[in-house]
Amino acid sequence: MQQMSISDQLEVSDLQFELDQLDYDRCPDTGIWLLENQAFIDFVQCEYSASFHLCGNPGSGKTFLSSKVIDELREYFAEMTSTSLIYFLCDGKTDASNRRTSLAVLKSLTAQLLERITAVDTAFVRTNVEALGMVKRKAKDIPEGQLFKILEKCLRYFKKCYLVVDAVDECDDWGNLVQIFTRLLDANVCTLKFFLSSQKGMGIPYIISQLPVAKNYQVDVTTHAAESDITRYVNWRVRTLDLRSLGSPEEARDSLIHGCDGLFLLVRLRLDILTKEILPLGTDVKAAISDLPSEIFPLYERLLDRLNDAHKSLAQILFIWVIHAQTVLTVQELMEAYRIELEDVRDFAAPSLSESEIEGLSGGLIEVHEGRVRLAHSTVRNFATWYNWGTLAKVSEMDQHTLNRRLFSKCLDYIATPTLVSQVMSALQLPSDLQTSWPLADYAGRHWLAHLRLCSTSTAELSKKIIKFIQSDAGLAWWICYTNHIELHNWWTLPEISADINAWLHGNREAYRSDPNIADVVPALCQRHVSALEGHKSLIRPDFYIPALLRLAGQKLDHGYTNEAETIVNLAIGQSDRISSIHGRSMKYQAVLDLTVLLRYEGRYHEALQLCEGLQSDFQKVGDNSSRQLISASQSIGLIAGESGQLAKSELHLRNLLDTTMRKFGANDPDSLAIVHALALTCFNQSKYREAERLWDIKYFKTVLGKNHPSTLTITECLADLKRAQGKFGYSRQIRMEVLSLRQARQGAQSVDTIRSEIGLAYCMRDQGEAAEAIANLRRLLDTTCKRFSDDHFLVLELKVALAELCSAAGDLTTAETFQLEVVEKRSQRLGGRHIWTVSEKTRLAAIHLEQRKYQMAAVLLSEIRNVRMEEYETDYRGLCGVVELLARSKRSTGALQEAEELGCHALKLARKNGDEDNPGVLNAMANLAITKGQRGQFDEAQQLEERVLELRQKTMDEDNPDVLTAMASLAITKRQRASTRRHSS
């Protein structure tokens, strides 16, 4: 079970299958020359980190030699628990990314080590596999940084590790792969031995020679070195062949070897010509063999040129699918693809192909092994791109965009076949005879979106085809099949599917603008899925139904429909109560956690807290103190405390929880990172900006989670707010614009996250003097949001708060007051007058009253707010400081200067409880106190304060920052007043 989970989470290829095939095809006793090479012996036996580079021309047999090395090392170190062996065979024969990227290599190596460690530390493996699953809940792929961290920890379990990577040159980003190896060596995790094979070109030998190891070895596969192996291989293959047409056995062997220049591939192809019926009947075999070119591409060309144009067009179909498929196809899948390609243009059923016919039609350049098809060599891929496929060719140019668009269309049309759709919709799951009746359905359902991402996005027609499919029964059938299939291990990939579809459609501007509702296609699919399940009550399975409900609730919440989401989550909780198994309890806990997030959206903190405390109690009853769901519940308790104004309590709780989580799961675990973010947010809200900035290490989050992960985007926005609080408005705006662009493309314009990003950008625009444009943007956004939600919806109120602040900054105080009064009224009605949100909105209203010179009204309101804060939120020093400062300002404006000074001193004391001397909150309190002292004639003290403010602002802000300019002006005024007073007194 653990092994299944590891392979599922990391999506690794079955390399053992290929190694078995290589072992089957490899002639016995070949490759001995390499194993007996003194450089190889030294490499294996040395006690320090080293690299061994096997260089050779394409087709020289490097992969067979690498597999021989893997077998030898595996046997040699089988009984040594302190030594591990991990390997990867890069494969440039197809478009499948799980065989040709550094990330794929990293996944496979990590998976192999995790499987090895399972026997000695199951808890370590389970923790890391769960962490990978958590990242994939909202990310398309596991980030390289997190995989590297896990691989690094795995390697520390061993004293020595051999890493074998074949065909490094076939890795699309081989340079990054070598960088990964370099970082592993820098980490000094254990003694590392790298066995790497590649071609001689591309600068690879030089780069590998620069690995920071104690010794670099290199051996070339030369004609002389391979001579004995090739002779042995030919003798082995011809034992069961009738080669009398080539003369004596010695003559036959020489005919096959002559002109191959030490290349195994050419010898193998010549033998395949004899065994796979590639030559027409009646051909003079000896003349044909001797006439074959001694170079690879000309040989490929000769093998296909024997076909007429009609057969070339059929062969091209095979090459298109084998090369551009996103995974290695089975024979049945390729035959089905061949059939649908032909039936598109013919009015009769296409004949099926046998395995031998596939090999014969492709000139032996496509091979069949154990029911799977693949190219004979990676060089065939490039050859097929430029080869002239004749006048009847299916595709005139074999470029990637064109062919992926073709395969996308074929896959989409296939899963939209009416009969297949009907079968799925009647049973609400995959047909039992899927593999036999619909051989291409599994591939098409899994990979049509991958082909879409790889094809051109230049036409609106293609976008409309996608929208039409998703909105049809065919789209729902695909969704049901896909979600039911992956439900067992990683249904959390669905949000990324949603983002991929949105991003692709968003990239096609013409279609995107013509249909503004396309961002709703995935929420609509979730709704239709639930409706279909509820319409077939006899077919409802709770393990399908509950996750379908939670997916729908998640989509509703992401787009702001909290009431509907709450109803759906409560239904899921009720359904889970009917399941007595551990799985049912786990689904219920997840539903409850989802409900707490929803309640926090609406400020219903008391209800959310009760649910989290209930979860903690349940876990304590069953004695489970290490569950990730328990950690999530505890994190929510800390967040609720912070969001409800109990900041000191929140910080203490989160720090303790972070210590516990770090010990259990490590620093790079998603749960640990989530708590780090929560703690940073709490520090930021207390004006502890340095601590918040230290915790929000954006480089670390990007490395572990990925730069486009939703959590990374959220933290990036928090950093923008931090820079804005420090007066770095330009930098903050740039960050906000980048994040907004990503949100719009991947989450849609109407998602909660996107709308909040627009609000954040509006504040940045105001800071840079563009309040009018920012107000216009928010008014437009408010109009569209009001059409979707009631006037007391949290998004509507957040937009009105922002508009009130921006209008106030622009001098339109009447409009600002109108907006803010509406917000205070709705908050009071919904949450009560003492709720932290209501108190904050009343504070903003009081600030507007001060700008309107309604000093008495502001003073009364601020006194009321201060009392509530002292009683309910006394540890929220930042909020209380803001209220006291406003109250001091109101007193100063009415001439009560002594009281204003006392309040100003109190505000400064509160500000210093949270931040350092250069904290913006402290500087604002000092500046306000200086104004009061100046009005009282205490110019010496006022000047000292203002000089200190200016000094600290200039250290942390740009010279043209408005706060710096204001500080300079205030100091100049105070100096003039002080000088004038001295002249008068003298």
So for the stretch 758-767 (the condition being touching an Asp or Glu at 6+ places or on another chain (Cβ under 8 Å), open to solvent by less than 30 Å² (accessible area, probe 1.4 Å), of a type in the set (D, E, K, R) and not in a loop (DSSP other than H, G, I, E, B)), does at least one residue qualify? no
So which residues in the stretch 821-838 are surrounded by fewer than 18 Cβ atoms within 10 Å (Cβ to Cβ) and outside any helix (DSSP H, G or I), if there are any at all? GLY832, GLY833, ARG834
Neighbours by Cβ (under 6 Å, 6+ apart or cross-chain): first from the stretch 873-902, within 14 Å of VAL839 (Cβ to Cβ); second open to solvent by less than 50 Å² (accessible area, probe 1.4 Å) and among the β-branched types (Val, Ile, Thr): VAL883/THR843; VAL883/ILE865
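Could you tell me whether the stretch 888-911 includes any residue that is modelled with pLDDT under 80 and open to solvent by less than 80 Å² (accessible area, probe 1.4 Å)? Write out each step before concluding.
The first filter runs over the stretch 888-911 and keeps only residues modelled with pLDDT under 80, leaving none.
Checked against the condition, which is being modelled with pLDDT under 80 and open to solvent by less than 80 Å² (accessible area, probe 1.4 Å), the stretch 888-911 yields no hits at all.
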Within the set of pairs 6+ apart or on separate chains, which have a first residue in the stretch 162-185 that is within 25 Å of SER82 (Cβ to Cβ) and assigned to a helix (DSSP H, G or I), a second that is modelled with pLDDT of 90 or more and among the β-branched types (Val, Ile, Thr), and C-beta atoms under 8 Å apart? ILE180/VAL105; LEU185/VAL213
Determine the pairs where a residue that is outside any helix (DSSP H, G or I), located within the stretch 844-856, has a partner that is open to solvent by 10 Å² or more (accessible area, probe 1.4 Å) with Cβ atoms under 6 Å apart, the partner being 6 or more residues away or on another chain. GLN852/LEU813
Checking the condition of a type in the set (Val, Ile, Thr), open to solvent by less than 30 Å² (accessible area, probe 1.4 Å) and more than 24 Å from ALA667 (Cβ to Cβ), which residue from VAL189, VAL125, VAL165 passes? VAL165
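With the structure loaded, tell me whether ALA972 is modelled with pLDDT of 85 or more and within 53 Å of the chain's Cα centre (by Cα) or whether it fails that test.
Numbers: modelled with pLDDT of 85 or more: yes; within 53 Å of the chain's Cα centre (by Cα): yes.
When the stated conditions are applied, ALA972 passes them.
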State all residues of the stretch 629-655 that are open to solvent by 20 Å² or more (accessible area, probe 1.4 Å), over 16 Å from GLU613 (Cβ atoms) and either of a type outside the set (D, E, K, R) or not in a helix (DSSP H, G or I) (or both); if no residue qualifies, say none. ALA648, LEU652
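Any idea how many residues of the stretch 399-412 are touching a residue at least 60 places away in the same chain (Cβ under 8 Å) and under 20 Å from ARG339 (Cα atoms)? Quick ask: steps written out before the conclusion?
Quick first cut of the stretch 399-412, residues touching a residue at least 60 places away in the same chain (Cβ under 8 Å) only: 400, 403-404, 406-407, 410.
In the following step, the residues that additionally are under 20 Å from ARG339 (Cα atoms) were identified as 403-404, 406-407, 410.
Count: 5.
Within the stretch 186-197, how many residues turn out to be in a loop (DSSP other than H, G, I, E, B) and either touching a His at 6+ places or on another chain (Cβ under 6 Å) or without any contact (Cβ under 8 Å) to a residue 24 or more places away in the chain (or both)?
Residues of the stretch 186-197 that are in a loop (DSSP other than H, G, I, E, B), as a first pass: 188-190.
When the remaining residues are screened for being either touching a His at 6+ places or on another chain (Cβ under 6 Å) or without any contact (Cβ under 8 Å) to a residue 24 or more places away in the chain (or both), the result is 188.
Summing the residues that are in a loop (DSSP other than H, G, I, E, B) and either touching a His at 6+ places or on another chain (Cβ under 6 Å) or without any contact (Cβ under 8 Å) to a residue 24 or more places away in the chain (or both) in the stretch 186-197 gives 1.
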Looking only at the stretch 656-698, and only at residues there that are touching a helix residue (DSSP H, G or I) at 6+ places or on another chain (Cβ under 9 Å), under 26 Å from GLU152 (Cα atoms) and charged (D, E, K, R), the one that is surrounded by the most Cβ atoms within 10 Å (Cβ to Cβ): ASP669
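A quick yes/no check of all residues on (1) over 22 Å from SER636 (Cα atoms); (2) crowded, with 17+ Cβ neighbours inside 10 Å:
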residue	(1), (2)
SER531	yes, no
GLY535	yes, no
TYR545	yes, yes
THR567	no, no
HIS583	yes, no
ALA591	no, yes
ARG600	no, yes
TYR605	no, yes
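Is at least one residue of the stretch 626-644 in contact with a helix residue (DSSP H, G or I) (Cβ under 9 Å, 6 or more places away or on another chain), farther than 21 Å from ASN656 by Cα and hydrophobic (A, V, I, L, M, F, W, C)?
Restricting attention to the stretch 626-644, the residues satisfying the condition of being in contact with a helix residue (DSSP H, G or I) (Cβ under 9 Å, 6 or more places away or on another chain) are 626-644.
With the extra rule that they be farther than 21 Å from ASN656 by Cα, the set shrinks to none.
No, there is no match, as no residue in the stretch 626-644 is in contact with a helix residue (DSSP H, G or I) (Cβ under 9 Å, 6 or more places away or on another chain), farther than 21 Å from ASN656 by Cα and hydrophobic (A, V, I, L, M, F, W, C).
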Give the residue, chosen from THR703, THR716, THR754, THR712, that is open to solvent by 30 Å² or more (accessible area, probe 1.4 Å) and of a type outside the set (A, V, I, L, M). THR703
Select from the stretch 930-957 the residues that are modelled with pLDDT of 85 or more and open to solvent by less than 10 Å² (accessible area, probe 1.4 Å) and write down the one among them that is farthest from the chain's Cα centre (by Cα). THR932
Hits in the stretch 701-727 (condition: farther than 21 Å from LEU761 by Cα, in a helix (DSSP H, G or I) and in contact (Cβ under 8 Å) with a residue 40 or more places away in the chain): LYS702, THR703, VAL704, LEU705
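For the stretch 1-82, give me every one of the helices (runs of 4 or more DSSP H) that falls completely inside it and has 1 or more residues that are surrounded by fewer than 17 Cβ atoms within 10 Å (Cβ to Cβ) and modelled with pLDDT of 90 or more.
32-35, 38-45, 62-76
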For the stretch 352-444, please list each of the helices (runs of 4 or more DSSP H) lying entirely inside it that holds at least 2 residues being at pLDDT 90 or above and open to solvent by 70 Å² or more (accessible area, probe 1.4 Å). 418-427
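Looking at ARG578, ARG541, can you tell me which residue is of a type outside the set (Ser, Thr, Tyr), within 25 Å of TRP479 (Cα to Cα) and open to solvent by 10 Å² or more (accessible area, probe 1.4 Å)?
Answer to the selection: ARG541.
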What is the one condition in (1) assigned to a helix (DSSP H, G or I); (2) surrounded by fewer than 21 Cβ atoms within 10 Å (Cβ to Cβ); (3) without any contact (Cβ under 8 Å) to a residue 60 or more places away in the chain that ALA745 does not satisfy? (3)
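Filter the stretch 198-211 down to the residues that are more than 14 Å from ASP166 (Cα to Cα), outside any helix (DSSP H, G or I) and either small (Gly, Ala, Ser) or under 31 Å from the mean Cα position of the chain (by Cα) (or both) and list them by number.
GLY201, MET202, GLY203, LEU211
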Of the conditions (1) of a type outside the set (D, E, K, R); (2) surrounded by fewer than 23 Cβ atoms within 10 Å (Cβ to Cβ); (3) touching a helix residue (DSSP H, G or I) at 6+ places or on another chain (Cβ under 7 Å), PHE88 satisfies every one except a single condition; which number is it? (2)
Every listed condition ((1) in a helix (DSSP H, G or I); (2) in contact with a helix residue (DSSP H, G or I) (Cβ under 6 Å, 6 or more places away or on another chain); (3) modelled with pLDDT under 65) holds for THR457 save (1)
Among the residues listed as THR118, THR191, THR182, the single one being more than 28 Å from LEU34 (Cβ to Cβ) and among the hydroxyl-bearing types (Ser, Thr, Tyr): THR118
Filtering the stretch 224-247 down to residues that are out of contact with any Ser or Thr (no Cβ under 8 Å at 6 or more places or on another chain) and either open to solvent by 90 Å² or more (accessible area, probe 1.4 Å) or modelled with pLDDT under 70 (or both) yields HIS224, GLU227, ARG239, THR240, ASP242, LEU243, ARG244, SER245
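Could you tell me which of the residues GLU841, GLU773 is open to solvent by less than 20 Å² (accessible area, probe 1.4 Å) and charged (D, E, K, R)? Don't jump to the end; show me each part of the working.
On the way: GLU773 fails: open to solvent by less than 20 Å² (accessible area, probe 1.4 Å).
Matching residue, one of GLU841, GLU773: GLU841.
The values are calculated or read from the model by the stated rules, or taken from the named source; none is laboratory data. Since the model is a prediction, treat every value here as computed from it, not as a measurement. Ideal geometry is used to build each Cβ from the backbone, glycine not excepted, and the neighbour counts take in all protein chains shown. Only protein heavy atoms, including side chains, enter the accessible area calculation; ligands, DNA and RNA are left aside. Shrake-Rupley method; radii C 1.70, N 1.55, O 1.52, S 1.80 Å.
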